[in-house]
Structures are given as structure tokens and as C-alpha cells.
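Student: Have a look at this one.
Read the figures in this text as sums done on the coordinates, not as results from a lab. What you are looking at is a predicted structure, and each value in this text was computed from that prediction instead of being measured. Backbone-built Cβ (ideal geometry, glycine too); neighbour counts: all protein chains shown.
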Amino acid sequence: MHTPVLLKEVIENLNPQKGEFFIDGTLGGGGHAKAIWEKIKPNGKLLVLDLDKSAVDRFKESILSENIVAINANYADLVSIISANDLPRVDGLLLDLGFSSDQIELSGRGFSFNRDEPLYMTYSEDEESVASILSRLSEKDLADVIYKYGDERFSRKIAKAIKERTQKESIISSLELSEIIRQILPKSYEQGRIDPATRTFQALRIYANHELDNIRRVISILPNIIASLGRVAIITFHSLEDEIVKNSFKELVDEKKAVLVNKKPIVPTIEEKSHNPKSRSAKLRVIKFN
Ligand SMILES: C[S@@+](CC[C@H](N)C(=O)[O-])C[C@H]1O[C@@H](n2cnc3c(N)ncnc32)[C@H](O)[C@@H]1O
């Protein structure tokens, strides 16, 4: 099961109150959603979304109240989702970005470079798979993606090796892709701190799921959906994501639409990092609308 990151800090700063309307736009294993529900129940309303249908289906099996609605959808489409479901302005919104441990362990969709699974790497079944992206992109565009979203200094070398393979046959499995990368990178890669495939996998996942676009889109609609005094909390795991959140929150503050709840991002304690290493790079930023 996915362990929710910064759970105590999210609840303290979002401060859900009995009877309020909350949205968890990235349901995952539902850990944050359940903690929010405990605070707003029984008369509050909770809308949860995930692009991954299996996460939504699993959560639906445990739903105990008609005041909880679970939808397989993109959080960037919240304006139309709220209006289609006749929902009011939102008292609190949580986005916990990226992917969950459940998706690595259970999805069979190729998120892990250590597993031999079909190379989809998409949360939604409707998106173009990474296998198809690797065949479609030119060597230069592929290198740019790996450099931009993975901060990978060997991006050109990796893109060249991938395209040499896809010109002969498609790369259809996650293990096949990680082996290609491992074979061409130096044995001393990052002094053994991370697997050589880590950055490329991250880059391809961000690109395939339009992750940065979705964050920009959802932040741009916040003034249209959040209630007066409503709170928005976003957990990022990557500096590109955090830059977008930090700068967009600053713009909302400069426009006098919101205030920062915490000046500096909240990061996990040493204790949390040691019992949940996946929380290591998490940063939580929270704003409150005027
Ligand atoms: C880090 S996990 C969330 C974990 C969750 N907070 C918990 O406590 O278990 C992120 C989830 O967001 C989903 N996701 C990613 N991008 C999304 C988007 N644009 N719209 C909806 N869900 C998205 C992923 O499928 C994944 O299940």
C-alpha cells in the first residue's frame, strides 16, 4: 500500500473542518483522502479524482458515504467536473503529484525500471504509451525530453541508443529499456547512488503524462473554483514541478487573490524520510484564498 507523504502536515495546513467541501485531485491509495474525510464527515463533501481507473475502482469499494464521489478524471479538468456534478466552490484542494507505490507494485504498466512489464508508463489507459513515444520521436526530440524532464547529462547518448534499437524493432518492455540505458552508461554513474535508468524513466513519465502542463492548467483555474478562505495544498517531488507551483502561487499572492500559508516549503522530517524513503524529495506548499 502507498504510504501518504507529509500526512500530518497536509492536514494541519489544509485544516479541513466539519461540513466543508474538499477535493483530493490525486487519489492514489486514498491515504490523504481518508484522513480529510475523517475531519469533514459526516456532512462534508469529498470529491476524489485519479487518472488511473484502478485507483478509483479500489477506492469505490471502500466508500461508506453518499457524500463521497470518486471519478476517473484529470484534475486539470476540474472546472467542467465541478459544473457537471453541480458542486459548490471548494473549501480545500489537495494535489499530491506524480505516481504512487501501488502503481509501481500493482499496475503492470512499466513504471519500474526493475520489472519486465509492457512499457506504457501512463496513468490513464487513453494516453499514448512510452513504447509508442520512443518509436515516434526523433533522436533529437527524445534527447531534449530526457534532458529537460530528467536533467540527464547523458541524454544524447541514451537517445541515440534508443533510436538505434527502435529502428530495428520497438522497445516494448520496461526492462528492455532499462537494460539499453545500463549498457551504455559508465559503471561509475552517479557513484552508484541511483540506477542509471532513473532519470530517463522519470523524464519519459513526465512527458507521457503531460505532468507539467496539467499542473499549469490546474493552477490557472484555481481562482474560478476555490471558495473565499479556501486552501490549496500541492506536494511536488521534482524541482521543475516545484518551480511552477512556487512561481504560480507567488503570482496569486502578488495579484492579492491569496496568501501563502507557509513562506518556505514544508519538507518531511528525518524520521519520515527514514521510514518512507520515497518521501525524500517531497515539498509541500499551501495557499489560502482571500
Ligand atoms: C503520489 S500518488 C497520490 C497518493 C495519495 N495521496 C495517497 O495518499 O495514496 C499520485 C496519484 O495521482 C494520479 N495522477 C497523476 N496525474 C493526475 C492527473 N492529472 N489527474 C488525476 N490524477 C492524476 C496518479 O495516477 C497517482 O495515483
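Student: Multiply the residue gap between residue 263 and residue 84 by 0.36 nm, knock off their C-alpha separation, and tell me the result in nm, one decimal place.
Tutor: Here the segment from residue 263 to residue 84 would lengthen by 60.9 nm.
Student: Distance between the C-alpha centers of the range 147-199 and the range 85-135? Whole Å please.
Tutor: The range 147-199 and the range 85-135 have Cα centres separated by 21 Å.
Student: When the Cα centres of the range 234-250 and the range 35-51 are compared, how far apart do they sit, in Å?
Tutor: When both Cα centres are located, 24 Å separates them.
Student: Please report how many Lys pairs in the range 128-208 have alpha carbons closer than 21 angstrom, counting only residues at least 8 apart along the chain or sitting on separate chains.
Tutor: So the count of such lysine pairs works out to 12.
Student: May I ask for the angle, rounded to the nearest 10°, between helix 174-184 and the longest principal axis of the chain, with both axes built from Cα atoms and the value confined to 0 to 90°?
Tutor: Tilt relative to the chain: about 50 degrees.
Student: Just to be sure I understand the model, the point goes 7 Å from the Cα along the line to the Cβ. What's the resulting residue 67 to residue 228 distance in nm?
Tutor: 2.3 nm
Student: Let me ask you something else. With only Lys, Arg, Asp and Glu charged, each at its Cβ (+1 for the first two, -1 for the last two), find how big the charge dipole of the range 128-208 is about the Cα centre; round to the nearest 20 debye.
Tutor: Using Cβ point charges on Lys, Arg, Asp and Glu, the range 128-208 gives about 220 debye.
Student: Ranked from highest to lowest mean number of other Cβ atoms within 10 Å per residue, what is the order of the peptides 147-158, 24-35?
Tutor: Output ranking for 147-158, 24-35: 24-35, 147-158.
Student: In addition: What FRET efficiency, computed as 1/(1 + (r/R0)^6) with R0 = 51 Å and r the Cβ-Cβ distance, is obtained for residue 221 and residue 139, rounded to the nearest 0.05?
Tutor: Taking R0 as 51 Å, the efficiency between residue 221 and residue 139 is 0.90.
Student: So what's the back-of-envelope 222 nm ellipticity for the chain, counting only DSSP H runs of four-plus at -39500 (n - 2.57) apiece and dividing by all residues, rounded to 500?
Tutor: Computed ellipticity for the chain at 222 nm equals -13000 deg cm²/dmol.
Student: A further question on this structure: Sequence-distant or interchain residues sharing an amide H contact under 5 Å with residue 227, placed H: which?
Tutor: Hits under the 5 Å cutoff: 90, 91.
Student: Same structure, new question: Can you list residues whose amide H is under 5 Å from residue 69's amide H, if they're 5+ apart or on another chain and H is modeled 1.01 Å from N?
Tutor: The list, which skips near neighbours in sequence, is 46, 47, 48.
Student: A follow-up question, please. Any of 41/283; 39/256; 257/278; 263/288 with alpha carbons more than 24 Å apart? Name them for me.
Tutor: Listed pairs above 24 Å: 41/283; 39/256; 257/278.
Student: Let me ask you something else. Mind ordering 238-246, 256-264 by average Cβ neighbours within 10 Å, highest first?
Tutor: The densest-packed peptide leads the list: 238-246, 256-264.
Student: Still on this model: Output the 0 to 90 degree angle, nearest 10, between the alpha-carbon long axis of helix 211-225 and the longest principal axis computed from the alpha carbons of the chain.
Tutor: On a 0 to 90 degree scale, this one is about 10.
Student: Related question: Evaluate the charge dipole of the chain about its Cα centre and quote only its size in Debye, nearest 20, assuming +1 on the Cβ of each Lys and Arg and -1 on the Cβ of each Asp and Glu.
Tutor: Here the size comes out at about 900 debye.
Student: For the chain, take the longest principal axis of its alpha carbons; what is the angle in degrees between that and the long axis of helix 198-208, to the nearest 10 within 0 to 90?
Tutor: 60 degrees
Student: A further question follows. Over every pair of different alpha-carbon atoms in the range 128-208, take the mean of 1/r and invert it; report that Kirkwood radius in Å.
Tutor: Roughly 12.4 Å, rounded to one decimal.
Student: Calculated FRET efficiency, residue 168 and residue 43, Cβ-Cβ r, R0 51 Å, to nearest 0.05?
Tutor: Approximately 0.25, to the nearest 0.05.
Student: Next question. Any chance you could run the full-extension gain for residue 239 through residue 8? It's 0.36 nm times the residue separation minus the Cα-Cα distance, nm to one decimal.
Tutor: Stretched fully, the residue 239-residue 8 segment lengthens by 80.9 nm.
Student: Can you give the net charge of the other residues whose Cβ lies under 15 Å from the Cβ of residue 256, counting K and R as +1 and D and E as -1?
Tutor: My count for the surroundings of residue 256 gives 0.
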